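Heads up, the thing below is written out as structure tokens.
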Amino acid sequence: MVEQAAPTSGSGPAGNAVPELLALNEVDMDGHRPLPTGIDELDRVLSGGLLPGSATLLGGEPGTGKSTLLLQALASLAASGRRCLLVAAEESAHQVRRRAQRLGADVPGVFVVEATQLPAIVEAVSRSAPDVVVVDSVQAVSDPAVPGGAGSVPQVRECAQSLVALGKASGAALVLVGHVTKDGSLAGPRALEHLVDTVLSFEGDRYLSLRALRAVKHRFGPTGETGLFEMGEQGLKGVADPSALFLEDRREGSAGSTVTVPIEGYRPLVVEVQALVGRASQVPRRFVTGLDPGRVGFLVAVLDRRAGVPLGDCDVYVSVTGGARAAEPAADLAICLALASSLVGEPVAPGMVAIGEVGLGGELRRVAGMPKRLAEARRMGFTRALVPAPGPGHGHRAPDEVSVAASLREALGAAFARGWPLEGAGRGGRKTPPGSAAPGRTVHTLRGMG
């Protein structure tokens, strides 16, 4: 009979040290404060910067500017005294230096190593002891001990797991770059999301200058925040006033144009929704940019059935200008007004913004954050707003300066300076049911709303 040794003090059943119990409010936070990158829009999304020992995955389609953004961030971090290491797994050091010179990011404190093998990267991190490590890209890294070529799912997963562990052990903030195809089918980044602390998505059309950085997952702050950049010859520049950028080329008084105020993260943005209604056809087409195509189809059906706007068999083209997005329901009313405006060739009332969700019954529903949406619209010079009316018994009252409507029919009557041209005509020429016409068409100013 073998006698088992009693566990020693401070050890668990398997002989491992018993983890120390800590009072949550006494956990030391001094060594875990974010490192600001010095790029305002990036720090906005990261809730202040990169946290030491954290792992961040930056994904996006090739050519959007991921490497440019990170090289600028490394230069800014180095200028503040941080030691930075760039693992160039896809480019040579000469190529990186050439880009850095063009961006003005050729500064002391940024080190580069050409490496595609995991052991070489581990050695470089150990020798340089950096504060921040960027691996560009994780699909180009391979481990000789793992079967499969670089970019395969086993290689990407095992290499990323080893790099994340290395970052946590060394205390360095790790950033992994991952390429994603347009349909998101590439296995690499999708297989890594559960391994990292933060997942950032860098989006933008390579033929347009606007880029959007969004936090899809963030253990150290809120998700949904958005940073906006403009790509130029000198690299990426943060957009301090995106509303002004989106409205820069807008022509007021054009039929088919309406302005709305979606919220990206915590920031309201004033954007223009444009619509074009084509001829009726047996198989009507729906072409949508910057919006949810399914939701646009739903709104076309509601306009047709609930508001007597004959669009069901027409070709419909709807877009948000300037490369912006307006995927939230708050843009519903603006989409409907833009479609109706294009159909009749009549512009909406000048200086107006439209904000509100549209229901299946044609009713208008309130959306969150209305005060800051209206304040942003007023800041951009808009003097009128059309919003949903508060529901029965609801304590909140809409400001007197804003015109309210309970239904899509009422909104159509209030949105046009000379009234809705098809007022009184429903589907097939039927008259509007009694009591459903717009009770008033006065659109009040936004004076005093900010």
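The numbers here are math on the coordinates, done by the rules we state, and not lab data. Worth saying up front: this structure is predicted, and the values here are computed from it rather than measured. Positions of Cβ are backbone-derived with ideal geometry, glycine not excepted, and every protein chain shown enters the neighbour counts.
Computed about its Cα centre, the charge dipole of the chain is approximately 1560 debye, with only Lys, Arg, Asp and Glu carrying charge at their Cβ. Each residue of region 376-386 was assigned a 3J(HN,Hα) from its phi angle through the Karplus curve 6.51 cos²θ - 1.76 cosθ + 1.60 (θ = phi - 60°); the sequence is 5, 5, 5, 4, 8, x, 7, 10, 9, 8, 10 Hz, with glycine and proline shown as x. Amide hydrogen proximity for Val175: with H placed 1.01 Å from N in the peptide plane, the residues at 5 or more positions away or on another chain lying under 5 Å are Thr56, Val133, Val134, Val135. Computed from phi, the 3J(HN,Hα) profile of region 80-88 under the Karplus parametrisation 6.51, -1.76, 1.60 (θ = phi - 60°) reads 8, x, 7, 9, 10, 10, 10, 8, 8 Hz, with x in place of Gly and Pro. Each of Gly359, Phe416, Ala334 was placed along the dipole of region 245-423 (beta-carbon charges, centred on the mean Cα), and the one lying farthest toward the positive end is Gly359. Across region 245-423, Cα pairs under 8 Å and at least six residues apart give a relative contact order of 24 percent.
Here region 105-224 carries DSSP beta bridges of which approximately 55% are antiparallel, counting only pairs with both residues inside. Near Leu210, the amide H atoms lying under 5 Å from its own belong to Met231; only residues 5 or more places off or on other chains count, and H is placed 1.01 Å from N. For the residues Ser403, Ser201, Ser281, a GNM of the chain with alpha-carbon springs under 10 Å puts the largest fluctuation on Ser281. Gap in Å between the Cα centre of region 293-371 and the Cα centre of region 65-137? Going from one Cα centre to the other spans 47 Å. With the charge dipole of the chain set up from +1 on Lys and Arg Cβ and -1 on Asp and Glu Cβ about the Cα centre, the Cα lying farthest toward the positive end among the listed residues Phe287, Leu118, Val402 is that of Val402. Between Asp205 and Val153, what is 0.36 nm times their sequence separation minus the Cα-Cα distance? Round to one decimal in nm. Result for the pair: 16.0 nm of gain on full extension.
Quote to one decimal, in nm, the extra length available between Glu123 and Glu357 on full extension: 0.36 nm per residue of separation minus the C-alpha distance between them.
Stretched out fully, the Glu123 to Glu357 stretch lengthens by 78.7 nm.
Beta bridges from DSSP with both residues in the chain: antiparallel share about 50 percent, rounded to the nearest 5.
Helix 293-306 sits at what angle to the longest principal axis of the chain, using alpha carbons and giving 0 to 90 degrees rounded to 10? The helix 293-306 is inclined about 20 degrees to the chain. On a per residue basis, the convex hull of the C-alpha atoms belonging to the chain measures out at 240 Å³. Exposed loop sites were defined as chymotrypsin sites (Phe, Trp or Tyr not before Pro) in DSSP loop states (anything but H, G, I, E or B) carrying at most 13 other C-beta atoms within 10 Å; in the chain the longest segment without such a site runs 1-206.
When the chain is treated as a Gaussian network with alpha carbon springs shorter than 10 Å, the biggest mean-square fluctuation among Ala349, Ala414, Ala120 belongs to Ala120.
The loop-placed trypsin sites (Lys or Arg not before Pro) in region 150-251, going by DSSP, that have at most 10 neighbouring Cβ atoms within 10 Å of their Cβ come out as Lys182, Arg251. What does the C-alpha gyration tensor say about the overall shape of region 67-121? Classify as rounded when a/c is under 1.5, otherwise prolate if a/b is larger than b/c, or oblate. Oblate, because a/c is 1.5 or more while a/b does not exceed b/c.
Do any trypsin sites (Lys or Arg not before Pro) in region 266-341 lie in a DSSP loop with no more than 13 other beta carbon atoms within 10 Å, and if so, which? Intermediate results must be reported in sequence, preceding the final value.
Values: sites: Arg279, Arg285, Arg286, Arg295, Arg305, Arg306, Arg325; in loops: Arg285, Arg325.
Filter output for region 266-341: Arg285.
Shape verdict for region 30-239, please, from the Cα gyration tensor: rounded (a/c under 1.5), prolate (a/b greater than b/c) or oblate. Judged from the Cα gyration tensor, region 30-239 comes out rounded (a/c under 1.5). Evaluated over the chain, the count of Lys pairs having alpha-carbon atoms less than 25 Å apart is 8 (only pairs 8 or more residues apart or interchain). Near Leu311, the amide H atoms lying under 5 Å from its own belong to Asp304; only residues 5 or more places off or on other chains count, and H is placed 1.01 Å from N. Only helices enter this figure: runs of n ≥ 4 DSSP H residues, each worth -39500 (n - 2.57), summed and divided by the residues of the chain, yield -7500 deg cm²/dmol at 222 nm to the nearest 500. Under the criterion of Cα pairs below 8 Å and six or more residues apart, the relative contact order for the chain equals 11 percent.
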